[in-house]
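Report on one structure; see the data block that follows.
Quick note: the coordinates plus some simple rules give every number you see, no bench work behind them. In this text, all values refer to a predicted model and were calculated from it rather than measured experimentally. Quick reminder, even Gly has a Cβ in these numbers, built from the backbone with ideal geometry, and neighbours come from all protein chains shown.
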């Protein structure tokens, strides 16, 4: 984890990449800090939403809303306040290996279903200090691309950093640093093949 990173430090480094100096806060009063404060939250959430990053997907049991639905569903549940993308999957059990259910619907900030208890996988908005370095670098490049024209008045710098972040046009946003970050993230999210390790040991003679 990049424990020293913040929203300001990421934007400051993006400015530095553009040769435009740094910022110390979002309230410095200049064009750099203003454009960063306006554009960074949306860019962060957009880049987070481009993939199910291993560090951003969490599980949660949802609280049932006291107001009864007015549609065909029996219950409605409040979605988490830190939700960025989701629900990715909905379950009626917290047991390991539970199969996601399909009988649910999201409307606004609620999940509707006939299940009396539900659990979800979703992508949350992650604090910068919990983001891995490979993702922080992606955010720096992405921010450099969106603020470049405003900060430097040079469209070529915007194009350059967009390519560094997401690759050439034919890569559909999946090249550049995004590809590197996705590969590193995938290596951190290895599927556990065996759920019962003791059984595996018995089948292999206890070795």
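A protection proxy built from the mean count of other Cβ atoms within 10 Å ranks the segments 137-148, 72-83, most packed first, as 137-148, 72-83. Take every Cα pair under 8 Å whose residues are at least 6 apart in sequence, average their separation, divide by the length of the stretch 57-124, and the relative contact order is 46 percent.
Its DSSP H runs of at least 4 residues, each contributing -39,500 (n - 2.57), put the calculated 222 nm mean residue ellipticity of the chain at -12500 deg cm²/dmol, to the nearest 500. For the Cα atoms of the chain, what angle does the longest principal axis make with the long axis of helix 176-187, in degrees from 0 to 90, nearest 10? It works out to around 30 degrees.
Answer rounded, prolate or oblate for the stretch 57-124, using the Cα gyration tensor with square roots of eigenvalues a ≥ b ≥ c: rounded when a/c is under 1.5, else prolate when a/b is larger than b/c, else oblate. Oblate is the answer for the stretch 57-124, as a/c is 1.5 or above yet b/c matches or exceeds a/b.
Among 85, 8, which comes first, second and so on when ranked by fewest other beta-carbon atoms within 10 Å?
85, 8
Helix 31-48 axis versus longest C-alpha principal axis of the chain: approximately 30°, rounded to the nearest ten.
Treat the stretch 1-141 as a sphere of radius equal to its Kirkwood radius over Cα pairs and apply Stokes-Einstein at 37 °C in a medium of 0.692 mPa s; give the translational diffusion coefficient in µm²/s, rounded to a whole number.
For these conditions, the coefficient is 191 µm²/s.
Packing order of peptides 108-115, 28-35, highest average first: 108-115, 28-35 (average count of other Cβ atoms within 10 Å over each peptide's residues). Could you tell me how many degrees, from 0 to 90 and to the nearest 10, lie between the Cα long axis of helix 155-166 and the main elongation axis, the longest principal axis, of the Cα atoms of the chain? In the chain, helix 155-166 runs at an angle near 30 degrees to the longest axis.
Summed over all non-identical Cα pairs, the Kirkwood treatment of the stretch 88-168 gives a radius of 16.3 Å.
Quick check: from the Cα gyration tensor, does the stretch 37-96 come out rounded (a/c under 1.5), prolate or oblate? Could you put the intermediate results ahead of the total?
Values: a/c = 2.90, a/b = 1.62, b/c = 1.79.
Oblate.
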